[in-house]
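Shown next, in structure tokens, is the structure this report addresses.
The values are calculated or read from the model by the stated rules, or taken from the named source; none is laboratory data. This is a predicted model, so every value here is computed, not measured. Neighbour counts are summed over all protein chains in view; Cβ atoms, including those assigned to glycine, are modelled from backbone coordinates with ideal geometry.
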């Protein structure tokens, strides 16, 4: 039987252990058009982070300048930016502390639309 | 990514740029709607000196019998805008409703009979599609709770534009039919309006389409200013004391305000304080909740109300609507679904106007504000009725009685008439039968 890659043999306990938690979370981020100048015109970016707050820092290191567009001087998300994790508005979850899991999709959407 | 080509502004156009409402950054007049620095909404900036120099009450009155008589205040360049007779709807003095509520000077701005699709959306779409054509779009689209889809599909058909609209899958039958008949592509999204809107925000800019309420939103939303201009003109070139309007995204509310201010600024009407009050359905009342709790931010909600046309849980212009209601000494109230049905019936029975659930909400909030002493009986109050009741028949089904079925014989008619009069009397006496 094939062993899943994330199972590793631990020589001390002679058990197979799950190292999934050691890998950084890979999250797909959808970038809105007004920010694509900062992502070399890419509409999606792969990022790491276990929360939205961490994800913002990870985004900033791969796309310098992007955090300043999304957050105000106090580090709070700007009021006209909406974040969604797997299609749910983070204001219905834990806001900036919303937990992220491997494979999650985060959408950054300008709040101004519709009506 | 396909981008529309920018045409050179033609002489005569009075708008000069898009300007961020938050940080004042300026942009070219292209199909963009958010500031790339702070994500604030972009709004059209005009050369008001030019407007003041060229526009008079007489020049407006000599213009077409439609919103295009206010063309100098609208963000288009075309010599021939798309004019399907939109606007200049009746401003009805509502004496019977006023008496019922204990008011003295009440008017209904009746956009239930706006052309061509019986809601105020024809105003914003006429402007958006005129601008879409100028920017080179051949396909137009929208995220809609129903009325906007009707309007976009109809006016796109008239203008020969391709059309693809997105609606929540659970809309009223009349609103779906009233879109399908114009043969656009209709995407019925399994989700609420906010989810439709989010999806469209992701789709906008990927297919090179003009989304009237996303990438064309700065132009589109300006169309609602005509609801302000018309009321001022129809009141004999003066402003009312108080307006009551429905709140969904909050855009219409803020643009009526902008319309009044512009008329004052260019000298078409005298300045005076106008109170702005907003109406929401309790089952989707994020702006009313923020008003009540004295918050300056909106907490989104998941809508659950019969008033689907205004069921926006995540309103784009909510903070601006809040601000206007507060600074004009107005109010924002909400009413439950049963009050909305009563509001629809009250307007129909007293004024002969059959409105949809948004109008029922607005009438019910008007009543609530009067009962709470928040409308002075002597204020000139204008209530905006923005949509037509024939599109949301489900909402009143079972609450409006039934026809008396009779045989084609005189005595059958007489018996039925007697029976109906007895029932009327019983209802009037409030006696349990």
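Looking across the stretch B:197-220 at every residue that is surrounded by fewer than 24 Cβ atoms within 10 Å (Cβ to Cβ), at the interface with chain A (Cβ under 8 Å from one of its Cβ atoms) and assigned to a helix (DSSP H, G or I), the one that is modelled with the highest pLDDT is identified as B:198.
Residue-by-condition table, conditions (1) under 30 Å from residue B:383 (Cβ atoms); (2) without any contact (Cβ under 8 Å) to a residue 24 or more places away in the chain; (3) assigned by TED's automatic domain parsing to the domain that holds residue B:246:
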| residue | (1), (2), (3) |
| --- | --- |
| B:25 | no, yes, no |
| B:35 | no, yes, no |
| B:45 | no, no, no |
| B:70 | yes, no, no |
| B:77 | no, no, no |
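The lone criterion from (1) at the interface with chain A (Cβ under 10 Å from one of its Cβ atoms); (2) farther than 17 Å from residue B:258 by Cα; (3) in contact (Cβ under 8 Å) with a residue 40 or more places away in the chain left unmet by residue B:30 is number (1).
Test residue A:25 against the criterion of being over 21 Å from the mean Cα position of the chain (by Cα) and at pLDDT below 95, and give yes or no. For residue A:25, the condition - over 21 Å from the mean Cα position of the chain (by Cα) and at pLDDT below 95 - is not met.
Total residues in the stretch B:262-275 satisfying the condition of being closer than 18 Å to residue B:226 by Cβ and part of a loop (DSSP other than H, G, I, E, B): the figure is 4.
Among the residues of the stretch A:54-75, write down those that are outside any helix (DSSP H, G or I) and over 17 Å from residue B:23 (Cα atoms).
Correct list: A:63, A:64, A:65, A:75.
Taken over the stretch B:145-188, residues that are farther than 15 Å from residue B:84 by Cβ, within 14 Å of another protein chain (Cβ to nearest Cβ) and free of Cβ contacts under 8 Å to residues at least 60 places away in the same chain amount to 4. With B:306, B:287, B:312, B:298 as the choices, which residue is within 14 Å of chain A (Cβ to nearest Cβ), within 19 Å of the chain's Cα centre (by Cα) and part of a loop (DSSP other than H, G, I, E, B)? Going through B:306, B:287, B:312, B:298 in turn, the sole match is B:312. Candidates A:105, A:76, A:88: the one that is surrounded by fewer than 17 Cβ atoms within 10 Å (Cβ to Cβ) and in contact with a strand residue (DSSP E or B) (Cβ under 8 Å, 6 or more places away or on another chain) is A:105. Within the stretch B:143-160, the residues that satisfy the criterion of being touching a strand residue (DSSP E or B) at 6+ places or on another chain (Cβ under 9 Å) and either on the phi > 0 side of the Ramachandran plot or surrounded by fewer than 21 Cβ atoms within 10 Å (Cβ to Cβ) (or both) are B:146, B:157, B:159. Just a yes or no: is a residue in the stretch B:119-132 more than 21 Å from the chain's Cα centre (by Cα) and modelled with pLDDT of 95 or more? The answer is no, given that none of the residues of the stretch B:119-132 is more than 21 Å from the chain's Cα centre (by Cα) and modelled with pLDDT of 95 or more.
Candidates B:278, B:259: the one that is buried (at least 20 other Cβ atoms within 10 Å of the Cβ), within 14 Å of chain A (Cβ to nearest Cβ), on the phi < 0 side of the Ramachandran plot and outside any loop (DSSP other than H, G, I, E, B) is B:278.
Counting only residues that are under 22 Å from residue B:392 (Cβ atoms) and in a helix (DSSP H, G or I), the stretch B:140-168 holds 9 of them.
Filtering the stretch B:221-255 to residues that are within 17 Å of the chain's Cα centre (by Cα), closer than 22 Å to residue B:369 by Cα and assigned to a loop (DSSP other than H, G, I, E, B) leaves B:247, B:248, B:249, B:250.
Of all residues in the stretch A:78-87, those satisfying the criterion of being facing chain B (nearest Cβ under 10 Å) and outside any loop (DSSP other than H, G, I, E, B) are A:81, A:82, A:84.
Looking across the stretch A:93-115, the residues that are more than 11 Å from the chain's Cα centre (by Cα) and either facing chain B (nearest Cβ under 7 Å) or not in a helix (DSSP H, G or I) (or both) come down to A:93, A:94, A:109, A:110, A:111, A:112, A:113, A:114, A:115.
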